[in-house]
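Reading through the structure tokens given below for one structure.
The values are calculated or read from the model by the stated rules, or taken from the named source; none is laboratory data. Predicted model only: the values in this text are computed from it and were never measured. When we count neighbours, we look across all protein chains shown, and the Cβ atoms used for this are built from the backbone with ideal geometry, even at glycine.
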Ligand SMILES: C[S@@+](CC[C@H](N)C(=O)[O-])C[C@H]1O[C@@H](n2cnc3c(N)ncnc32)[C@H](O)[C@@H]1O
């Protein structure tokens, strides 16, 4: 039986189940795989598991999350033991204990507490209030991942990424500016629409026009990227259509039945889109030729048309 891919950080929107559809679009040679919107870093973990490259760069705007990644990769035994301690301490008093750890996290920003909160909170969904405090409620039906399984996942991920991974806490634009032509960028930005309506599902939203400008800059520099962007579930679509001028190839991945639809007794299958960049398409067609750079083709979209 193939070894299970470890996944220590529970994270809503994780691409762990889609990794098997995304990795086959990787070029043969990758210097560094870059995840500017890493979250639970599902694609980097899956790539390391399949030995797709030897260098990784993970980044997220959420500082405590990236401190958690530093702990998991560099001091795995220590954080696994702390998780075990917190998990046992909660037994018999789970609701109050969760509130206590949430308060401690908001005072100290200690990433060890964030791991416990993510394992216990509703839908593993990161929510902050306007003051920047973590305010997600606990899922009172669950105790959180068992410490034995958590330890296994933490040690396995550390073994995959230790000594090979740069960890950053920057805005994605700074990370994109560091990319080189032999690198591959995998981007999974916060959903368009969700943040625009003010729902704080992720730590921060991004400006749509600015994001399109960044994609165009990557094209002009001949950088390869894969972008997860929009999708559809039943009749509902999410995400704004991306301009054809960016020259990307859109592919739809069957992501299976959404848990929401199953709960409602419906049969809706979710399709998630990925976009392959121009330079990547060129590399896949002809791996021996260096990708071209392109002349500017894309004009920013008027905000009124979004
Ligand atoms: C859809 S989630 C990524 C999920 C990830 N692919 C996974 O498998 O877990 C989007 C992430 O982007 C991060 N983010 C939001 N705005 C950002 C920015 N300006 N720069 C970098 N990261 C950002 C959020 O904190 C969130 O973790």
Item to complete: Run residue 22 past the list (1) part of a helix (DSSP H, G or I); (2) within 16 Å of the ligand (Cβ to nearest atom); (3) more than 14 Å from the chain's Cα centre (by Cα); (4) buried (at least 16 other Cβ atoms within 10 Å of the Cβ) and report the number of the one that doesn't hold.
Response: (3)
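Okay, residues lined up against (1) at pLDDT 95 or above; (2) within 27 Å of residue 190 (Cα to Cα); (3) over 22 Å from the mean Cα position of the chain (by Cα); (4) in a loop (DSSP other than H, G, I, E, B):
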| site | (1), (2), (3), (4) |
| --- | --- |
| 97 | yes, no, yes, no |
| 100 | yes, no, yes, no |
| 103 | yes, yes, yes, no |
| 107 | yes, yes, yes, no |
| 114 | yes, yes, no, no |
| 119 | yes, yes, no, no |
| 132 | no, yes, no, yes |
Fill in: Number of the condition not met by residue 39 [criteria: (1) part of a loop (DSSP other than H, G, I, E, B); (2) modelled with pLDDT of 95 or more; (3) over 15 Å from residue 228 (Cβ atoms)]
(3)
Discussion item. Every residue in the stretch 125-149 that is within 19 Å of residue 82 (Cα to Cα) and either without any contact (Cβ under 8 Å) to a residue 12 or more places away in the chain or within 16 Å of the ligand (Cβ to nearest atom) (or both), please.
Written reply: 145, 148, 149
Fill in: Residue among 61, 43 that is in the same structural domain as residue 225 (by TED's automatic domain parsing), surrounded by fewer than 22 Cβ atoms within 10 Å (Cβ to Cβ) and either within 13 Å of the ligand (Cβ to nearest atom) or without any contact (Cβ under 8 Å) to a residue 12 or more places away in the chain (or both)
61
Worksheet item: Among the residues of the stretch 172-198, which ones are modelled with pLDDT of 95 or more and exposed (fewer than 14 other Cβ atoms within 10 Å of the Cβ)?
Response: 174, 177, 180
